1. Starting from the Cα of residue C:12, draw a straight line to each of the lysines and keep only those under 28 Å, dropping any in the same chain fewer than 8 residues away.
2. Run a plain Debye calculation on segment C:45-99 (Cα atoms as equal point scatterers, no solvent) and give log10 I(q)/I(0) at q = 0.15, 0.19, 0.20, 0.29 Å⁻¹, rounded to two decimals, same order as the q list.
3. Nearest 100 Å² is fine: how much accessible area is buried between B and C, summed over both sides, with a 1.4 Å probe?
4. Work out how far the C-alpha atoms of segment C:90-164 reach from end to end along every principal axis, then list the three figures in whole Å, largest first.
5. Could you tell me the relative contact order of chain A? Use alpha-carbon pairs under 8 Å, at least six residues apart, and round to a whole percent.
6. Which residues does a label at residue C:135 reach in segment C:173-190, if reach means a backbone N under 14 Å from a point 7 Å past the Cα toward the Cβ?
7. Under unit Cβ charges (Lys, Arg +1; Asp, Glu -1), what dipole magnitude, rounded to 20 debye, does chain A have relative to its Cα centre?
8. If you average over every viewing direction, what projected area does the convex hull of the Cα atoms of segment A:1-82 give, in nm²?
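The values are calculated or read from the model by the stated rules, or taken from the named source; none is laboratory data. Computed from a prediction, not measured in an experiment: that's the story for all the values here. Glycine gets a Cβ as well: all are built from the backbone with ideal geometry, and neighbour counts include every protein chain shown. Accessible surface is based on the protein model in full, side chains and every heavy atom, while ligands, DNA and RNA are left aside. Shrake-Rupley method; radii C 1.70, N 1.55, O 1.52, S 1.80 Å.
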Amino acid sequence: MNLLLTILVEGLGYASYLFIVSLGLTVIFGVLKILNVAHGAFYAWGAYLCAFLIGEFSTMGVSDLGTMVAIPIAALIVGLILGSAIERTIIKNLYGRDEVLIVLATFGLFLVLEDVILLVFGVDPYFAYQPTYAMPGVQIGGIHQDGYKLSMIVVSLVIGLISWAVLNRTHWGKLVTAIIYDSELAVAMGINVPRVFYTVFVAGAVLGALGGAYIAPTISVAPGFGVEVIVLSFAVVVIGGLGSIPGAAIGALLVGMLRAYAVLQWPEIELFVVYAVMAAVLIFRPEGLFAPAKARKI
Amino acid sequence: MALTSDRTTLGLTVGFVAVALLGVFVLPDWLLNQILVAFSRALAVVGLLVLWRTGLVSFGHALYFGLGAYTVALLGRNYGIGEVLVTLPAATLASALVGFLLGFIVRRYREIFFAMLNLAFSMVLFGILVKTEALGSTDGFNVEQPTLLGIGTDDAAVKLTALFLGVCAIGWLTAVLVHRYLGSILGSLTTAVRDNEIRVEYLGYSAAEAIHGKYVMSAALTGLGGGFMAISLGQVDPESMVNWTVSGELVFVTILSGPGSVAAPFIGSLIFELLRTYAFELVPYAWQLIVGGTLLLIIFFLPGGVWSVLSRLAGRRGVEP
Amino acid sequence: MSAILETVGVNKTFGAVTAARDINVSVAKHEIVGIIGANGAGKTTFVNMVTGWLPPSTGRIRFDGRDITGLAPRKITRLGICRSFQVAQVFMTATVFDNLMIALGIADAHGLGVLLPLRVRAREERADAILRRYQMQDYRDQPASTLPQGIRKLLDIAMAMVAQPKVLLLDEPTSGISVEEKFPLMDIVMGALKEEGVTVLFVEHDMEIVSRYVSRVLAFYQGEIICDAPPAEALADPKVKEFVIGDDLHNQTLLQAGALQDGAQEVSDARG
Ligand SMILES: Nc1ncnc2c1ncn2[C@@H]1O[C@H](COP(=O)(O)OP(=O)(O)O)[C@@H](O)[C@H]1O
Ligand SMILES: [Mg+2]
């Protein structure tokens with residue numbers, strides 16, 4: 001029972017930041033048809049900037065709880081500045097090119113951005129645990145649970161709900177949905193596609209950076225950690241169905257739980273269980289579990 | 001047209017003989033070593049080139065690279081076999097067999113899904129290797145001394161020269177055979193499948209079967225390359241043989257080389273190897289920046305890869321069967 | 001005359017849409033059959049089912065006395081039924097000549113023969129002969145992606161004919177082509193096809209073209225064949241007038257001008 005609870009909470013915590021990151025990835029894919037490997041770099045940049053800011057705020061005398069403002073600030077700065085710059089200079093020139101070539105281009109971009117991190121922030125790891133001290137722990141079923149992790153679960157839920165509402169309840173969201181369904185038709189209908197692309201890319205970048213910024217206080221932010229998350233987020237969105245928001249949620253939950261289970265109970269399979277599940281899903285549902293509807297072309 | 005094909009064969013023969021002669025009589029050992037490693041990888045890249053011409057990119061061919069490498073290494077460790085006439089064909093066959101089986105699945109996918117499914121399969125092998133003590137876990141293990149027809153040597157210089165000549169010979173044979181293949185009817189079903197599968201079906205050939213065949217071919221060549229790499233380095237471990245970074249390198253060299261010719265992977269792979277060595281010496285923290293920047297530059301400004309530059313310099317068209 | 005192509009009680013439904021309803025057609029060797037019908041009437045679905053792209057929901061399709069229901073397109077192609085497409089399906093990055101070379105290569109290849117060289121003198125001569133027959137010599141070395149629409153459609157048809165099929169289905173060979181170009185194009189195509197003695201079924205909106213070339217018309221409406229008759233008779237059929245021709249402004253004008261009847265008369269005269 002205790003074990004089950006631990007797996008559940010661990011899995012949820014894990015799923016929550018995976019979901020935030022994957023959400024950005026899947027929305028960008030759904031709208032722009034670009035599988036953006038550089039998303040991993042937004043994540044890493046978000047984490048680095050957040051850890052750096054928390055350190056700065058702390059030395060300025062801000063309280064542990066107060067340093068948490070670094071999280072949204074870092075996410076916004078990275079998303080709005082780095083995301084915009086990259087969309088304007090590189091991504092914009094890739095629209096309409098071969099899908100796989102675009103992936104490779106964003107992979108190149110990812111490698112470049114990773115090394116620029118080293119040039120800017122240096123090779124030494126950053127530690128910024130302050131926000132986790134500020135959050136009180138909670139007893140659930142007799143087990144002590146880390147308060148910060150629980151806050152992450154809540155935040156990811158809120159973000160999921162907001163995204164859902166934006167896409168389904170606002171005029172703007174309906175434009176986006178129309179483009180996901182059939183971009184040629186959307187152009188014909190006079191939707192300003194380049195502007196929607198730009199906005200969605202930047203929003204996706206903010207989400208990627210937010211995932212990194214939120215996780216930063218719980219780990220040592222060190223070089224190369226953007227890689228793991230991008231490969232895992234791929235698994236998440238492929239399992240859920242590229243371009244689907246509920247898919248990203250289910251995918252993140254599945255991957256999070258599997259990881260938690262494997263780490264605690266069956267470490268031998270930890271490294272590949274996610275990929276095995278991803279392969280299995282692709283074999284039986286080639287489009288993923290929740291691929292969004294597309295216009296049928298004959 | 002048979003004439004052109006013979007001319008390319010002749011060109012490949014002259015090129016490989018020239019490299020072999022230079023290697024034996026002129027080049028220093030460190031460069032020989034680089035060529036050995038570069039050409040081992042190039043064997044795999046030739047396989048990826050065939051896939052790329054078909055419009056397919058795999059992010060998981062480290063699976064076959066690792067299978068080839070571990071086949072060679074395990075034959076040595078478990079059975080004491082170092083005979084290259086056994087280990088290398090075994091590496092090729094093992095990869096081809098797995099490629100044949102997985103081919104039934106991957107041939108249903110294209111583009112991103114093809115790429116990612118391959119990645120998933122390769123990561124499963126990576127995970128198994130890392131966690132299995134009996135297979136050397138993260139540290140891997142050493143490769144048996146290679147012998148040819150039972151003859152081996154302890155002299156490092158002699159061994160290096162012998163391996164170097166071996167990789168040149170196999171590289172030449174691979175390049176010539178794959179070139180012939182690309183000029184065949186089945187070979188024309190690379191770009192044709194990429195352009196229009198519906199038309200291929202309605203001409204009376206199965207696009208899925210054509211892709212399957214090319215997939216097995218790429219798996220076999222990648223296994224051969226991995227096997228040779230294991231012998232060249234004298235050691236196998238998951239990180240340097242099976243991890244996704246290895247797949248990434250293979251794809252990078254494919255793009256760097258360009259699809260224009262079967263000779264391109266050998267040149268591209270050597271450039272990659274030299275670039276890496278010098279980059280680590282000159283700017284230790286900027287290797288990824290160089291690789292990533294190069295990738296972007298090629299995609300935006302040089303879609304034909306280095307081969308297109310070379311053929312432009314030489315004043316002739318790339319070899320298009 | 002024996003039937004070369006026969007459908008028996010063929011039905012096809014897509015969810016709630018019925019794209020084919022009880023289709024019974026028998027086509028004799030060397031017949032030239034026109035298929036007409038408004039958009040969405042089920043013409044392409046009919047072609048798709050005969051050539052194996054879609055299996056019928058129920059019913060059988062026979063070719064030369066053999067049941068081909070549900071076979072894959074490549075099997076049906078090998079048996080001797082080929083097709084062209086509403087949107088030309090060619091190898092866009094290859095030249096016109098190479099398109100034909102690849103098509104010829106695949107048609108020639110059996111078993112391990114696929115490993116033989118593609119570019120042999122004899123095959124190149126055949127490709128050039130096809131270029132002449134379809135009057136595409138001027139475009140020989142041009143990539144298919146740069147061709148004018150009409151030439152691309154011509155190439156599409158020439159590629160379908162490479163395997164020397166017994167039955168050829170053309171899906172709207174003149175769609176997307178200007179009115180002035182339609183007749184020259186169809187003259188080239190029908191001239192070449194007549195030379196090869198192939199049985200032809202072609203989908204066409206323009207009744208003037210239909211009347212000029214065919215000996216028999218199948219009129220589709222909502223998945224059903226509402227008329228199966230020689231052109232003159234079909235054009236006079238009130239149901240055809242209402243459901244097929246009635247929709248099309250161009251055809252209506254022609255009908256009023258009496259042009260169609262004259263054309264149809266010509267064809268039936270010529271065929272005696
Ligand atoms: N693959 C398919 N899936 C679902 N519906 C289809 C498909 N193909 C055709 N249809 C439907 O069947 C009907 C007939 O279509 P089609 O045969 O293409 O008509 P035509 O060629 O006469 O214009 C249309 O309502 C069309 O929407
Ligand atoms: Mg149609």
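1. Output for residue C:12: A:294, A:297, C:29, C:43, C:75, C:153, C:166, C:239, C:241.
2. After summing over all Cα pairs, the log10 values are -0.49, -0.70, -0.74, -1.18.
3. Chain pair B/C: roughly 2500 Å² of buried accessible area.
4. Principal axes ranked by extent give 37, 22, 20 Å for the Cα atoms.
5. Relative contact order for chain A comes out at 37 percent.
6. Taking a point 7 Å out along Cα→Cβ of residue C:135, the residues of segment C:173-190 whose backbone N falls under 14 Å are C:180-190.
7. Details: 13 positive and 16 negative charges, 215 e Å.
Charge dipole, chain A, about its Cα centre: 1040 debye, nearest 20.
8. Over every viewing direction, the Cα hull of segment A:1-82 projects on average to 7.4 nm².
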